[in-house]
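Asker: Here it is: the structure, laid out below.
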Amino acid sequence: MKVKRPRVKIKVMGAELTPHYRISVKVPVTIQENLKEISQTEIKHIVAAQVQKQIKRTFQKGLDLHTDVLNLSEKAYRFDRYHWTIQELNELTSDSIDSIKVKVTLVNTSAYK
């Protein structure tokens with residue numbers, strides 16, 4: 001399986017004192033081999049779960065290091081800079097991400113058995 005150029009969109013939700021984010025990811029996948037004969041829908045679910053897990057783990061490691069690894073606060077600052085202060089933008093917590101939606105599309109299944 002090969003993932004090619006995932007597209008990420010980050011939406012800033014601004015009803016709270018600190019910004020919250022909704023992340024949506026579109027992941028095009030090419031299946032190179034399917035020796036276990038897993039169905040395409042099951043492959044999509046597996047890949048979506050792995051991508052979501054990796055995003056959460058990366059965000060959590062960034063929180064442990066006190067950094068914005070996913071560069072989330074840049075979106076809030078760029079498009080609505082007067083709604084929050086710099087300190088509020090930099091206060092990321094584990095609840096800062098509202099949701100992560102992953103959409104997997106199978107681009108090429110050339111060697112699909």
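Asker: Step by step: find N for the chain, compute 2.2 N^0.38 Å, then divide the Cα radius of gyration by it. What's the final number?
Answerer: So the chain has a normalised radius of gyration of 1.29.
Asker: Now for a separate question. Can you compute the helix-only [θ] at 222 nm over the chain? Use -39500 (n - 2.57) per DSSP H run of at least 4 residues, normalise by all residues, nearest 500 deg cm²/dmol.
Answerer: -10500 deg cm²/dmol
Asker: Now for a different question. What order do 91, 74, 16, 37 take when sorted by accessible area (1.4 Å probe), most exposed first?
Answerer: Ranked list, largest accessible area first: 37, 16, 91, 74.
Asker: Starting from the Cα of residue 82, step 7 Å along the direction of its Cβ; do the same at residue 103; then give the gap between the two resulting points in nm.
Answerer: Using points 7 Å along Cα→Cβ, the separation is 3.3 nm.
Asker: Given the chain, what count of lysine pairs have C-alpha atoms under 13 Å apart, with each pair 8 or more places apart or on different chains?
Answerer: Number of lysine pairs found: 17.
Asker: Where both residues lie in the chain, what percent of DSSP beta bridges are antiparallel, nearest 5? Show your work: numbers first, answer last.
Answerer: Details: 9 of 19 bridges.
Bridges in the chain are about 45 percent antiparallel.
Asker: Residue 63 to residue 26: FRET efficiency via 1/(1 + (r/R0)^6), r the Cβ-Cβ distance, R0 30 Å, to the nearest 0.05?
Answerer: E between residue 63 and residue 26, to the nearest 0.05, is 0.75.
The values are calculated or read from the model by the stated rules, or taken from the named source; none is laboratory data. Since the structure is predicted, the reported quantities are computational estimates derived from the model, not experimental observations. We place every Cβ from the backbone using ideal geometry, glycine too, and count neighbours over all the protein chains shown. Calculation scope for accessible area: heavy atoms of the full protein, side chains included, ligands and nucleic acids excluded. Shrake-Rupley method; radii C 1.70, N 1.55, O 1.52, S 1.80 Å.
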